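Nothing in this text is a laboratory measurement; each read-out follows from the coordinates by a stated rule. Since we're looking at a predicted model, the values are computed, not measured.
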Amino acid sequence: MPIRAGQNGAIMRGKLQLLVGLAAGYVLGSRAGRQRYEEIKRVAVKLWNDPRVQTQVKNAEGYAKDKAPQVVDFLSDGAKKVVSQGRGHSKPATAKPRAASAKPSAAE
């Protein structure tokens, strides 16, 4: 379908309006977005600095420090088991297909 001379100007005008609308939306949205970000940040900092939150943070840090040696031992033992099991096999184990049994299963 050929474009007529009058249609060409309307298409360009429509594209220009779209671009202007997108630019205006971007500018207004980014301003509102920045304001909301600053508000969220301010509330988060206020919450983090609350003495009750800091008390719980210190409790969690103390708990983690107390349990760290146990975690290290647990992970070390697990790694040793994996390594000792791996040394016994030259090839990785592969699952063998099971033969279909002649007996019907209890579910049937």
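Full extension from Tyr37 to Leu75: what is 0.36 nm times the residue separation minus their Cα-Cα distance, to one decimal in nm?
Full extension from Tyr37 to Leu75 adds 9.6 nm.
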Inset, instruction - Find how much the distance from Ala60 to Val27 grows on full extension, using 0.36 nm per residue of separation minus their present alpha carbon separation; answer in nm with one decimal. - result: 7.6 nm
Inset, instruction - Give, in nm to one decimal, the length gained when the segment between Val82 and Val53 is fully stretched (0.36 nm per residue of separation minus the Cα-Cα distance). - result: 6.4 nm
Legend entry - Overall dimensions of region 6-65 by Cα: Rg and Dmax, Å: 24.3, 77
